[in-house]
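Quick note: the coordinates plus some simple rules give every number you see, no bench work behind them. Quantities reported herein were computed from a predicted structural model and do not represent experimental measurements. Positions of Cβ are generated from backbone atoms using ideal geometry, with glycine treated the same way; all protein chains shown enter the neighbour counts.
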Amino acid sequence: MSFSILIVDDSLPMRGVLKKTFRAAGYGGASFLEAEDGQQALEMLKGNWIDIVITDFNMPIMNGLEMIQKMKEHDLFKNIPVVVVTTEGSQEKIDEFIEQGASGYIKKPFTPEQIKELLIQLLGESTDEEEIDTAGDQFDF
Amino acid sequence: MKKRLIQQVTNSIFEVMETMFFLTVEEQQKSDPPLQAQPVSEEIKACSIKFSGSFSGTIFLEIPMELLKTMTENFMGQDLSPLSEEYMEGTLKEALNMIAGNTLTQIDKTSYMGLGIPDITTITSPEDVDETAIFNTENGTITAHIKLNEPEQ
């Protein structure tokens, strides 16, 4: 089964790095949608089937935490798992993410293994193994 | 606090540059002979990020374009020529974001320090900030500054 993954980050290079990391983690067949902030992500959720949302916290217009809160208020979005990928590392902030409904948390810098472990936990094992590295990407941090 | 903060910025630069950008960096010591001046034509990109919490201030990062190009390609894991300015500025902002986040988490693991959004700025003079650290790499010099705000009365 291929997954549909929504990546929410205001950094263009970071969105690219996350996509590469998902491919390296075995989710090469997933389809990716990208949003630059929480507001844009909510709009995308309305028109697309999304299996999981991967979001930064610190973004202009609407941050990751506000986006999670909005998703939890919406019947169709409240059960979509959300993983926060951010530099914010204080225990207080991590607790707040989880309390507000985040399904998981990954701190930058991250490894493909950390991403894979969390995605398997949330989505199950990927069947996209044959599609790993189809773009010939070298990516192993 | 200023010395502790710039030391932690230094540690975070080592970690982020090596882990995410595959760059070996070496801090320039005050006893080192001064570097040769950068070529006049060399363009340097600068970025700043504000933080607030039990204390507040700004962290600045300055990187020559040539080094930024290498960092962007290392970050993305591929040759991206021709590389757009948007990509390079995005890489600079993300590098500073990670350095600042890492720094503040290490300074205070328990309470939350708010981070702003990184902004592209102009180069800052060391005279205008509290502390400066300079790092050598094979592709150029990285400069980091910190400036703390005065506590409110």
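The label-point distance for B:SER125 and A:LYS46, in a model that sets each label 7 Å from Cα toward Cβ, rounds to 5.1 nm. Taking only Cα atoms, what is the 0 to 90° angle, nearest 10, from helix B:85-107's long axis to the longest principal axis of chain B? Once rounded, the angle reads 30 degrees.
Amide H contacts under 5 Å for A:ILE106: A:VAL84, A:VAL85, A:THR86, restricted to partners 5 or more places along the chain or on a different chain, H placed in the peptide plane at 1.01 Å from N.
Can you tell me the dipole magnitude for the stretch A:4-126 around its Cα centre, using point charges on the Cβ only (Lys, Arg +1; Asp, Glu -1), in Debye to the nearest 20?
Details: 12 positive and 19 negative charges, 84 e Å.
Charge dipole of the stretch A:4-126: 400 debye, to the nearest 20.
For the pair B:GLU150 and B:GLU27, a Förster radius of 41 Å applied to the C-beta separation gives a FRET efficiency near 0.90, rounded to the nearest 0.05.
By the Cα gyration tensor, chain B has an equivalent ellipsoid whose semi-axes, rounded to whole angstrom, run 25, 18, 15 from largest to smallest. Averaged over the residues of B:87-94, the number of partner chain Cβ atoms lying within 10 Å of the residue Cβ comes to 5.
On average, how many beta carbons from a partner chain sit within 10 Å of the beta carbon of a residue in B:98-106?
Numbers: counts 6, 1, 2, 9, 5, 1, 4, 7, 1.
Mean number of neighbouring Cβ atoms from other chains: 4.
Here each label is just a point 7 Å from Cα along the line to Cβ, and for B:GLU138 and A:ASP75 those points are 6.0 nm apart.
Summing +1 for each Lys or Arg and -1 for each Asp or Glu among the other residues whose beta-carbon sits under 13 angstrom from that of A:GLY104 gives +1.
Residue-wise HN-Hα couplings along the stretch A:78-83, as the Karplus relation 6.51 cos²θ - 1.76 cosθ + 1.60 with θ = phi - 60° gives them from phi, are 5, 9, 6, x, 10, 10 Hz; Gly and Pro carry x.
Note on B:ASP128, B:ASP119, A:ASP75: ascending count of other Cβ atoms within 10 Å places them as A:ASP75, B:ASP128, B:ASP119, the fewest first. Considering only A:LEU45, A:SER31, A:ILE68, and ranking their Cα positions along the charge dipole of the stretch A:4-126 that arises from unit charges at the beta-carbon of Lys, Arg, Asp and Glu, the one farthest toward the positive end is A:SER31.
For the stretch B:120-130, backbone phi angles converted through the Karplus equation (6.51, -1.76, 1.60; θ = phi - 60°) give residue-by-residue couplings of 6, 10, 9, 5, 9, 7, x, 5, 8, 10, 8 Hz, Gly and Pro being listed as x.
The calculated P(r) of the stretch A:4-126, using every Cα pair and 5 Å bins from 0, goes 2, 12, 25, 27, 22, 11, 2, 0 in percent. Sorted into 10 angstrom bins from 0, the C-alpha pair distances of the protein assembly as shown split as 6, 28, 34, 22, 9, 2, 0 percent.
Per 0.36 nm of contour for each residue apart, how much would the distance between B:GLN7 and B:SER81 grow if the chain were fully extended, relative to their Cα-Cα spacing?
Details: separation 74, 0.36 × 74 = 26.64 nm, distance 3.51 nm.
Full-extension gain reported as 23.1 nm.
For chain B, give the magnitude of the charge dipole about the Cα centre (Cβ charges: +1 Lys/Arg, -1 Asp/Glu; no others), in debye to the nearest 20.
Working: 10 positive and 24 negative charges, 110 e Å.
Approximately 540 debye in magnitude.
Percent relative contact order of the stretch A:1-109, based on C-alpha pairs within less than 8 angstrom and at least six residues apart? The normalised contact order for the stretch A:1-109 reaches 24 percent. Rounded to the nearest 10 degrees, the angle from helix A:12-24 to the longest Cα principal axis of chain A is 50 degrees.
Pick from B:THR124, B:THR137, B:THR70 the residue whose mean-square fluctuation is largest in a GNM of chain B, springs joining Cα atoms under 10 Å. Comparing B:THR124, B:THR137, B:THR70 in a Gaussian network model of chain B, the most mobile one is B:THR137.
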